[in-house]
Amino acid sequence: MKRFYKEATVTGDGPFGVSLDGRPLRTPAREVLSVPARALAEAIAAEWQAQGEKIDPRSLPLTGFANAAIDRVAADHAGFAKRLATYAESELIAYRADGPASLLAAQAAAWDQWVEWLARRYDVGLTITTGIMHVAQPPATLTRLHAAFAAFTPFQLAPLDPIVTITGSAVLALAVAEGEIEAPAAYDISHVDALWQEQQWGRDPLAEKAEAERRADLAAAIRCLRLLAG
């Protein structure tokens, strides 16, 4: 739709809202958009201020995360956290290739440190396997990771959703949330197999476009988490 306002500004002293020409920005469910961190509110206002003659929803990712937190996640916090935690049941970094040696080495270089981080940070381990056949993870690990996701607020869970789905890893998402990994590294770590294939056979222009979109989505989600912390 066409731009219908001149100025986007931050309102409130905490929680913080955004107004468009003095009218409060609302979610799709018509709730007033209100976020817990001024830095995030300022970034959302900047998204709206940067719009041209027509509003492009794709260029409003932080607004989208706030909308999701208010309209969707807050209404089912426990269910949302549980859904993200279930990724640990088929944890990416636990499944290793059965060859060739160069791919095995690339996976080990990218993933072993995060298996070790999980053990240090949460005092639980992963069952590592080769191939694609499902292997059950220890119940204690699943319980601990479920509790970790349940401890996040709706505003944190909303951006964690794409982080988990793009990386395919509950462990890497937790490491991102705790500031251990940033966006470019998070993508590369979780796409070792694809990057290895590119090294062998070259890049596909269509795949490059899809990758750029996923990288941008991941970067926006991680930025949202950092703004909440700031």
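Where a number appears in this text, it was derived from the coordinates with a stated rule and is not lab data. This structure is a prediction, so every number in the text was calculated from the model and none was measured. FYI the Cβ positions are ideal-geometry reconstructions off the backbone, even for glycines, and counts take in every protein chain you see.
Residues that are more than 20 Å from Leu218 (Cβ to Cβ) and over 18 Å from the mean Cα position of the chain (by Cα) are absent from region 56-67 altogether.
Restricted to helices (runs of 4 or more DSSP H) entirely inside region 93-196, those with at least 3 residues that are under 30 Å from Asp71 (Cα atoms) are 139-150, 154-167, 170-177, 183-190. Of all residues in region 17-26, exactly one satisfies the criterion of being more than 20 Å from Arg58 (Cα to Cα) and in contact with an Asp or Glu (Cβ under 8 Å, 6 or more places away or on another chain), namely Asp21. If you take the residues in region 1-55 that are among the acidic types (Asp, Glu) and touching a residue at least 40 places away in the same chain (Cβ under 8 Å), which one is surrounded by the fewest Cβ atoms within 10 Å (Cβ to Cβ)? Applying the filter and picking the extreme gives Glu53. Of Ala175, Ala158, Ala220, all but one fail to be touching a residue at least 40 places away in the same chain (Cβ under 8 Å), in contact with a Phe, Trp or Tyr (Cβ under 9 Å, 6 or more places away or on another chain) and closer than 14 Å to Glu91 by Cβ; the exception is Ala175.
Checking every residue in region 116-139 against the condition of being in contact with a helix residue (DSSP H, G or I) (Cβ under 9 Å, 6 or more places away or on another chain), farther than 30 Å from Leu33 by Cβ and of a type in the set (Phe, Trp, Tyr) gives at least one match. Annotation: of all residues in region 120-154 being of a type outside the set (A, V, I, L, M, F, W, C) and within 19 Å of the chain's Cα centre (by Cα), the one that is surrounded by the most Cβ atoms within 10 Å (Cβ to Cβ) is Pro154.
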